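I have placed the structure first, in the form of structure tokens, so that the comments after it can refer back to it.
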Amino acid sequence: MKIVTYNVNGLRQRVSQFGSLLKLLNSFDADIICIQETKLRRQELTADLAIADGYESFFSCTRTSDKGRTGYSGVATFCRVKSAFSSVEAALPIAAEEGFTGLLGCSRKDEAASAVAEGLVEFSREELLKVDSEGRCIITDHGHFVLFNLYGPRAGDGDSERIQFKLNFFKILEKRWESLLCRGRRIFVVGDLNIAPSAIDRCEAGPDFEKNEFRTWFRSMLVESGGHFFDVFRAKNPNRREAFTCWPSNTGAEQFNYGTRIDHILCAGPCLHEGHDVEGHNLVTCHVKECDILTEYKRWKPGSATRWKGGWNIKLEGSDHAPVYMCLREIPDVPEHSSPSLAARYLPMVHGLQQTLVSVLMRRQATKQVKSDVVSSSFPDESIISGGCSHVKRSIANCDVSGTDISCCSLDQDSRNPILKVVGHSEDLKEEAACSTTIVFNEEYGSPLPNKRTRKRARKSQQLSLRSFFQKSQNLDDGIENSTNDISTSQTGVLNSNNQSQEAPLMDDRRCSSMQNDTNGISSSQGQEEPDRPCSPTQNNTNGNASSQGQEEQDGSRYLEKQKKSDALLEWQRIQQLMQNSIPLCKGHREPCVSRVVKKPGPNFGHRFYVCARAEGPSSNPEANCGYFRWASTKSRPK
């Protein structure tokens, strides 16, 4: 059995790098793959990030948003199995638990989902929930051993709040381990613990390096200090130096292997042999075949461009961590079992929610109610009642002539939106009600009419050119063609009513010319000849002059825009030249420095400074960063 632990520094980025989740997992050729720092919220666990053919997965995500920690950490365990059901494979867990306090629930049927884990009763519920709220642990029980996939908290110097959180995190975790060991269970702990235990695990460690309280605690857990755990990598490689798993991402330190070893595999408990009490028998000597670092996953590889010679512009793909693996031997099968209920295959975001017939009917009823609300909100000034008598205002169908048949009224505000038809019979619209009045949705359209606010927002978001004012709108033509029959009926009804009541007013030449342009599309679509009207004979010349004038104005605006871009480019080049001349040279290599900005909260936050452009490395290496530093201006200097 092969187990791999890897801080991916964003699961979505690694999946994109490898092309798919399956390709990423298959690249390790491992049975159990423990991933840290997924940076995924629970609602972001889609199938392409959580499900891979041949693997069962288990996730824990951040449950808090304190200090912007939403999607900040997160862990996941992937188990390669032949079958997720009725399997005897040890890689498929028989139980799984999110967190390590017991309050987030587990998949054991005989345990309460909210019961505090054994050995943790001395801690308050608030303390337990806090350490489990950042998605830093997934526990899987594989029968022969219990596997902890951990992402340890990071606590910078001077950050008392995070230091206290980290202390509580490992204190409670240690209690959980002791409880399991007292029951005779075997434990494997893998992950990024954010602790480099000894000076050998850190590049150029200072004299006080090992006095740190977290490093002291880590070493106290090891067998050589009287503890229960083996540091599996050090047990197999006791004297190897420069065996690092993490490098600073912003200094190019990978090039000179200037990093730390904070990704670990620990184990505790007896071996699987019957005579495990025999001297010299333990998990490492009996079952661990090898343990090493997969350096081929480093971002910077031999042959890559040197960072200070144009290489800073080259984006290095990959995490700032390297995976660590361990190969086990003589791990027998376990009794037949199926995938625990905590598996990602059962998550609603991946599997979906089972719908009942009642929920479907309720959703349909709610949809109908929403549609009726949209109609009523679209016409706030009208009173329209289906299947009854109601006072209908004339503004509904823009019918200002008395005695107009309501069936002629058609509202078409947008060819892409529903067309509402008011169907009914009435001879007088003065004050009497229109009986049997209904609102019918045109079946060709599926979306409601936009309200005034939506139409106003849409108009603002569409930038119009001068040419557009002299061209016919395709959408308008389509809408006119779709509603030809309704308009034809409407015109007939209006003309008849006008003949009965009063004579139509005469139109002057200018108005006639405008009407002829507007009704061109309608006449052609109806296949009817337009009657002769006393229109202006210079109409075509006017349109041609307007079109050519619009073209000239558009060409002029394009020239001005091009000229502005050219001027902006020249100004930016001038600024860059000034900046280049003001960049200092480092004293160690006499090369231009790179500018950085202070991001740590404090009195210097946001201030710019210059440092040597070379990659960080050992001070004994003349090719590495010389350590040059200078503030960008006197104003940035600390007082």
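The values are calculated or read from the model by the stated rules, or taken from the named source; none is laboratory data. For clarity, every value in this text was computed on a predicted model and none was experimentally measured. Heads up, the Cβs are rebuilt from the backbone with ideal geometry, glycines too, and the neighbour counts pull from every protein chain shown. Just the protein is used for accessible areas: all its heavy atoms, side chains included, with ligands, DNA and RNA removed. Shrake-Rupley method; radii C 1.70, N 1.55, O 1.52, S 1.80 Å.
A compact table of results
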| item | result |
| --- | --- |
| Residue match in the range 91-102 (condition: farther than 20 Å from ARG63 by Cβ, buried (at least 20 other Cβ atoms within 10 Å of the Cβ), at pLDDT 90 or above and of a type outside the set (Gly, Ala, Ser)) | yes |
| Boolean, LEU342 is open to solvent by 30 Å² or more (accessible area, probe 1.4 Å), within 26 Å of LEU11 (Cα to Cα) and modelled with pLDDT of 90 or more | yes |
| Residue within the range 111-119 that is on the phi < 0 side of the Ramachandran plot, of a type outside the set (S, T, N, Q) and at pLDDT 85 or above present | no |
| Some residue of the range 115-130 being among the hydroxyl-bearing types (Ser, Thr, Tyr) and crowded, with 17+ Cβ neighbours inside 10 Å | no |
| Residue list for the range 49-85, filter: in contact with a strand residue (DSSP E or B) (Cβ under 8 Å, 6 or more places away or on another chain) and small (Gly, Ala, Ser) | ALA50, ALA52, GLY54, SER57, SER60, SER73, GLY74, ALA76, ALA84 |
| Residues located in the range 13-42, provided they are open to solvent by 20 Å² or more (accessible area, probe 1.4 Å) and over 22 Å from ASN194 (Cα atoms) | SER16, GLN17, PHE18, GLY19, SER20, LEU22, LYS23, ASN26, SER27, ASP29, ASP31, ARG42 |
| Tabulated pairs, the range 230-242, first free of Cβ contacts under 8 Å to residues at least 40 places away in the same chain, second of a type in the set (S, T, N, Q) and surrounded by fewer than 20 Cβ atoms within 10 Å (Cβ to Cβ), C-beta under 9 angstrom, 6+ apart or interchain | ARG234/SER198; GLU242/ASN257 |
| Any hit, the range 571-585, residues being more than 27 Å from ARG202 (Cβ to Cβ), in a strand (DSSP E or B) and modelled with pLDDT of 85 or more | yes |
| The lone exception for PHE209 - which of (1) open to solvent by 20 Å² or more (accessible area, probe 1.4 Å); (2) over 29 Å from the mean Cα position of the chain (by Cα); (3) modelled with pLDDT of 95 or more it fails | (3) |
| Selected residue [within 16 Å of the chain's Cα centre (by Cα), of a type in the set (Gly, Ala, Ser) and more than 25 Å from GLU317 (Cβ to Cβ)] from SER65, SER86, SER16 | SER65 |
| In the range 198-228, residue farthest from PHE145 (Cα to Cα) [restricted to those that are in contact (Cβ under 8 Å) with a residue 60 or more places away in the chain and not in a helix (DSSP H, G or I)] | GLU204 |
| Test set (1) modelled with pLDDT of 95 or more; (2) touching a helix residue (DSSP H, G or I) at 6+ places or on another chain (Cβ under 9 Å) - SER220 fails condition number | (2) |
| Residues located in the range 235-268, provided they are farther than 25 Å from ARG299 by Cβ and not aliphatic (A, V, I, L, M) | LYS236, PRO238, ASN239, CYS267 |
| Flag for VAL75 being farther than 27 Å from ASP292 by Cβ and β-branched (Val, Ile, Thr) | no |
| All positions within the range 564-588 that are in contact (Cβ under 8 Å) with a residue 40 or more places away in the chain and open to solvent by less than 80 Å² (accessible area, probe 1.4 Å) | PRO584, CYS586, GLY588 |
| Looking only at the range 131-168, and only at residues there that are of a type in the set (Lys, Arg) and part of a loop (DSSP other than H, G, I, E, B), the one that is most open to solvent (accessible area, probe 1.4 Å) | ARG154 |
